[in-house]
Amino acid sequence: MKFLTGNKMRYFNIWLVMLLFVYAIRGLSAEEDLFARQEYTCYRIKDGTMHLDGKLDEDFWFEVPEIEIREMATGEALPFSSKAKIVWDSKCLYVGYILKDTNVYSKAEKGLDYRSRTKPRALCGLPHPFVKLFLDPDADGADYMEVHIDARGNITDLLQVIPYCNQHSKIVKPQVSRILWGWDCEGIRAAVYVDGTIDNPEDVDKGWSVELAVPWSSLDKITAGKCPPLSGDRWLVSVQRVVHTDTRIYGSWPTLGIVDSHIIDRWGYLVFSDKKPERLQLKLVWVETMPQKTEKQIEDAVIKAKSLGFNAIAWETNKWEAFIYACRVHNIKHYGIIQMTGLRESDYLEKIKYQVEQAIAKGFTGLVFNDTESEKADNKAMAEFYETMSKYAVSYAKSVMNRTVEIICSGIVPLVKLSGKDDIQTVERVKKELQVIKKSESRTIQIYELGLILSSPKISKIITDELGGNQKIMFSTQKRITGPLYDKKLTNPDD
């Protein structure tokens with residue numbers, strides 16, 4: 001992406017980027033880095049604002065960040081979009097699931113209590129879709145609760161007093177009981193909303209959603225710390241979904257690297273907060289001028305972007321494997337950049353198909369259309385063009401490649417452009433633009449470009465302050481990638 005300094009700005013780029021989690025896990029040392037704990041900020045809501053009906057239509061659900069549930073072992077997209085969100089108040093922890101599906105059904109017998117005390121009556125033993133919640137309230141890895149909910153709102157709850165698959169299991173004899181089926185999560189409630197017709201395979205459904213309420217009073221006895229928690233407390237959590245088509249497919253957040261729900265050492269941290277949710281959810285920085293000859297240079301750029309407060313990077317680099325791997329290790333989203341300049345309109349669709357295929361094959365997080373000319377960003381015709389191209393990309397990924405793709409229309413998303421200047425006017429302009437965007441309804445911001453940001457200590461500080469970054473990350477002694485990322489030579493399918 002090149003910017004001109006004259007009075008005229010060339011129209012030069014229409015870029016794409018699509019949201020898909022990376023899926024390859026290679027090498028033992030790489031695996032150790034890859035499964036560093038992920039975090040989800042659980043925001044507090046006002047007491048009395050939750051109405052448990054399964055619809056997730058209260059205002060706060062639209063303000064908090066979402067979790068994407070992906071294939072448990074590989075991190076690939078599930079056949080159907082699967083999202084989760086978590087909030088809390090003084091009485092309960094609330095978990096919401098938003099689940100796309102074309103055939104919503106349950107194999108549970110009507111009128112039967114699936115909060116039974118024997119495994120044969122558990123929902124997980126039936127050949128149907130359901131969601132799961134795993135929660136270790138004090139994050140000690142020693143005991144945790146497990147909840148299953150099906151599309152009719154049936155619940156199975158149990159307590160694991162001795163975990164299967166973390167460091168504690170090494171001292172446990174196989175014959176020792178691990179599960180308390182008789183444990184009761186008192187007061188637990190679930191509401192389900194079906195967008196379609198349940199148990200009717202003849203029609204096409206849109207999906208189903210769940211709102212789950214877990215009372216703090218039911219968790220107090222298995223929590224070593226405060227319950228309800230205090231702001232800043234960290235529990236362990238994994239939200240999961242089982243998709244049942246011809247086969248059973250397990251999905252989870254975080255990705256666990258193996259089809260086993262009980263890998264506690266790879267669950268994520270649930271970080272409680274009593275602050276107001278941050279509206280900006282995607283903070284993307286473009287990279288063009290950063291050095292990229294070595295894997296270390298690639299990783300340094302990723303770490304610097306994260307330290308400034310960014311959670312996503314768009315970078316066109318030949319060392320795409322090193323870039324993706326570094327982003328995964330440091331928990332930051334990674335976007336490829338697609339050049340469509342100079343194409344005839346008749347070639348647009350073929351170009352999009354090719355780039356979607358390449359992005360999925362390489363493992364990029366997603367795709368974004370980008371137009372950097374401000375006068376075109378507000379143009380109605382250009383907005384319609386982006387919408388048309390986005391729908392095509394989503395449709396192609398789903399129908400041909402069986403992937404759920406979220407497209408960002410970057411030409412419509414707010415963009416802050418840096419010119420390399422460091423004068424007072426430029427610094428004030430950048431600060432004002434950032435503050436205006438933060439107060440707007442936009443959930444996404446993009447800034448061009450990382451090298452230009454780092455060349456100005458003043459602008460770096462403003463961006464760090466406004467985006468909630470921490471420049472100490474840049475100089476921390478956190479574990480870095482060492483040695484070759486892969487046994488094989490890094491190659492690019494485009495070469």
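Among the residues of region 350-371, those identified as aliphatic (A, V, I, L, M) and in a helix (DSSP H, G or I) are Ile352, Val356, Ala359, Ile360, Ala361. Val356 passes all but one of (1) farther than 30 Å from Gly420 by Cα; (2) at pLDDT 85 or above; which number fails? Evaluating Val356 over (1) farther than 30 Å from Gly420 by Cα; (2) at pLDDT 85 or above leaves (2) as the failure.
In region 228-257, what residues are assigned to a loop (DSSP other than H, G, I, E, B), of a type in the set (A, V, I, L, M, F, W, C) and crowded, with 19+ Cβ neighbours inside 10 Å?
Leu256
Filtered by the rule that a residue be at pLDDT 90 or above and more than 25 Å from the chain's Cα centre (by Cα), region 186-200 gives Glu186, Gly187, Ile188, Arg189, Gly196, Thr197, Ile198, Asn200. Regarding Asp260, is this residue within 14 Å of Tyr144 (Cα to Cα), in contact with a strand residue (DSSP E or B) (Cβ under 9 Å, 6 or more places away or on another chain) and surrounded by fewer than 16 Cβ atoms within 10 Å (Cβ to Cβ)? The answer is no for Asp260. When Arg279, Arg266 are screened for being within 24 Å of Leu78 (Cβ to Cβ), touching a residue at least 24 places away in the same chain (Cβ under 8 Å) and among the basic types (Lys, Arg), only Arg266 passes. Scanning region 272-314 for residues that are more than 19 Å from the chain's Cα centre (by Cα), part of a strand (DSSP E or B) and either not aliphatic (A, V, I, L, M) or not assigned by TED's automatic domain parsing to the domain that holds Cys327 (or both) gives a single hit, Trp286.
Within region 41-52, does at least one residue satisfy the condition of being in a strand (DSSP E or B) and either farther than 22 Å from Arg443 by Cα or touching a helix residue (DSSP H, G or I) at 6+ places or on another chain (Cβ under 9 Å) (or both)? Yes: region 41-52 contains one or more residues that are in a strand (DSSP E or B) and either farther than 22 Å from Arg443 by Cα or touching a helix residue (DSSP H, G or I) at 6+ places or on another chain (Cβ under 9 Å) (or both). The residues on offer are Asp113, Asp136, Asp150, and the sole one that is farther than 18 Å from Ile263 by Cβ, assigned by TED's automatic domain parsing to the domain that holds Trp216 and surrounded by 16 or more Cβ atoms within 10 Å (Cβ to Cβ) is Asp150.
Could you tell me whether Ser273 is over 30 Å from Pro129 (Cα atoms) and out of contact with any helix residue (DSSP H, G or I) (no Cβ under 9 Å at 6 or more places or on another chain)? Criteria met by Ser273. Considering only residues in region 294-318 that are of a type in the set (S, T, N, Q) and more than 19 Å from Thr444 (Cβ to Cβ), the one that is surrounded by the fewest Cβ atoms within 10 Å (Cβ to Cβ) turns out to be Thr294.
Among the residues of region 209-227, those that are outside any helix (DSSP H, G or I), at pLDDT 95 or above and not polar (S, T, N, Q) comprise Val210, Glu211, Leu212, Ala213, Val214, Pro215.
For region 443-468, what are the residues that are assigned to a loop (DSSP other than H, G, I, E, B) and either modelled with pLDDT of 95 or more or surrounded by fewer than 20 Cβ atoms within 10 Å (Cβ to Cβ) (or both)?
Answer for region 443-468, where residues must be assigned to a loop (DSSP other than H, G, I, E, B) and either modelled with pLDDT of 95 or more or surrounded by fewer than 20 Cβ atoms within 10 Å (Cβ to Cβ) (or both): Arg443, Ser455, Ser456, Gly468.
For region 93-110, a tally of residues being crowded, with 19+ Cβ neighbours inside 10 Å and modelled with pLDDT under 85 returns 1. Right, Glu71: assigned by TED's automatic domain parsing to the domain that holds Thr223, crowded, with 19+ Cβ neighbours inside 10 Å, modelled with pLDDT of 90 or more and of a type in the set (Asp, Glu) or not? So Glu71 fits the description; yes. Checking each residue in region 418-442 for being within 26 Å of the chain's Cα centre (by Cα), outside any helix (DSSP H, G or I) and not hydroxyl-bearing (Ser, Thr, Tyr) picks out only Glu441. Just one residue in the set Gln425, Gln471 is modelled with pLDDT under 90 and surrounded by fewer than 20 Cβ atoms within 10 Å (Cβ to Cβ); that residue is Gln471. How do the pairs read when you match residues in region 307-328 that are touching a residue at least 40 places away in the same chain (Cβ under 8 Å) with residues anywhere that are of a type in the set (Gly, Ala, Ser) and crowded, with 23+ Cβ neighbours inside 10 Å, using Cβ under 6 Å and keeping only pairs 6 or more apart or on different chains? That search, which allows pairs on different chains as well, returns Ile313/Ala305.
The values are calculated or read from the model by the stated rules, or taken from the named source; none is laboratory data. Remember, predicted model here, so these are calculated numbers, not experimental data. Heads up, the Cβs are rebuilt from the backbone with ideal geometry, glycines too, and the neighbour counts pull from every protein chain shown.
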